[in-house]
Amino acid sequence: MVKLQPSSTLAIPETARIPSHIAIIMDGNGRWAKQRFMPRVAGHQRGVEALREVVKACRGLGVGYLTVFAFSSENWRRPVEEVSFLMSLFMIMLEREVAKLHANNIRLKIIGERSQFDEKLRKTMHEAEQLTENNDALTLTIAANYGGRWDVMQAVKSMLREQPQLAQSFSEEDLRPYLSMSDAPEPDLFIRTGGEQRISNFMLWQLAYTELYFTDVLWPAFGRKELDTAIASYQQRERRFGRTSEQLEERQKTRNRNA
Ligand code: IPE
Ligand code: IPE
Ligand code: MG
């Protein structure tokens with residue numbers, strides 16, 4: 001059984017200056033390419049490089065978890081050529097990058113519905129996860145054929161399969177272990193590049209109290225500097241989790257007295 005992390009709705013999580021979990025919607029690849037008169041897929045290719053830089057930066061900063069949206073459950077609606085390009089890019093990326101991730105003590109995890117991927121890709125995904133499963137410098141989670149609604153639905157289904165007696169009534173605590181990211185803290189910081197201000201069915205459950213940050217920078221152009229700007233914005237936020245500012249000030253005073 002996985003070790004559950006505190007839930008923002010059941011308890012008040014500890015927060016730190018450096019977010020322990022960053023979740024990113026890597027959007028804007030197509031527009032980046034279009035601006036350069038290149039095919040959309042060239043933007044996806046450059047997107048992999050941006051991801052490499054952000055992973056390295058997070059590892060250096062001591063961010064524990066980085067979760068990135070690579071392919072949504074709705075992205076199958078795109079032209080077949082683009083979908084198949086994305087599938088082969090995913091495969092190539094796994095094959096090429098996993099040794100490097102492993103050498104840097106990075107754990108790779110993939111969340112999403114796998115049954116729609118072909119067998120070879122599923123095997124490569126599984127092998128990459130197995131190879132890196134004991135690494136603990138950073139957990140990089142790739143959301144592929146993932147949807148926030150899918151996640152909640154699959155969690156309910158798995159829970160009821162294992163514990164049919166819960167069909168009458170169950171709690172948030174009962175459901176939590178079955179959600180995709182149950183072993184990670186909830187994201188502290190959510191970043192969406194590409195200018196759109198929406199969640200697009202990303203981690204609907206887990207983003208309950210996450211700080212949201214939107215930037216017009218297109219994903220292939222996002223790098224260390226932009227990440228630092230996002231974290232600086234996060235550091236200005238007051239995370240109240242339902243309480244008042246006065247309560248937070250009081251709590252800080254007590255802490256300072258006891259320090
Ligand atoms: C994000 O970039 C990558 C995926 C959704 C796979 P887009 O491909 O959505 O790029 P834009 O939003 O069309 O520019
Ligand atoms: C969200 O981007 C999914 C990923 C980045 C993988 P989209 O480009 O698919 O989102 P919408 O369609 O603009 O909401
Ligand atoms: Mg997009």
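The values are calculated or read from the model by the stated rules, or taken from the named source; none is laboratory data. Values in this document were obtained by computation on a predicted structure and should not be read as measured data. No Cβ is skipped: glycine too gets one built from the backbone with ideal geometry, and neighbour counts run over all protein chains shown. We work out accessible area using only protein heavy atoms, side chains counted, and drop any ligands, DNA or RNA first. Shrake-Rupley method; radii C 1.70, N 1.55, O 1.52, S 1.80 Å.
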Checked ARG17, ARG31 against criteria (in contact with a Leu (Cβ under 6 Å, 6 or more places away or on another chain), open to solvent by 50 Å² or more (accessible area, probe 1.4 Å) and under 27 Å from TYR234 (Cβ atoms)); the one match is ARG31
Over region 53-82, the set of residues under 28 Å from ASN104 (Cα atoms) and hydrophobic (A, V, I, L, M, F, W, C) is VAL54, VAL55, ALA57, CYS58, LEU61, VAL63, LEU66, VAL68, PHE69, ALA70, PHE71
Of those in region 172-198 that are open to solvent by 50 Å² or more (accessible area, probe 1.4 Å) and either closer than 20 Å to VAL55 by Cβ or assigned to a loop (DSSP other than H, G, I, E, B) (or both), the residue farthest from ligand 3 (Cβ to nearest atom) is GLN197
Filtering region 78-111 down to residues that are surrounded by 16 or more Cβ atoms within 10 Å (Cβ to Cβ) and acidic (Asp, Glu) yields GLU97
The lone condition TYR65 fails out of (1) within 16 Å of ligand 2 (Cβ to nearest atom); (2) farther than 15 Å from MET26 by Cα; (3) not polar (S, T, N, Q) is (1)
| message | Among the residues that make up region 35-42, is at least one of them in a helix (DSSP H, G or I), of a type in the set (A, V, I, L, M, F, W, C) and either buried (at least 19 other Cβ atoms within 10 Å of the Cβ) or within 16 Å of ligand 1 (Cβ to nearest atom) (or both)? | response | yes
Scanning region 128-151 for residues that are of a type in the set (Val, Ile, Thr) and assigned to a loop (DSSP other than H, G, I, E, B) gives THR132
When MET125 is run through (1) farther than 19 Å from ARG192 by Cβ; (2) in a loop (DSSP other than H, G, I, E, B); (3) among the aliphatic types (A, V, I, L, M), the failure sits at (2)
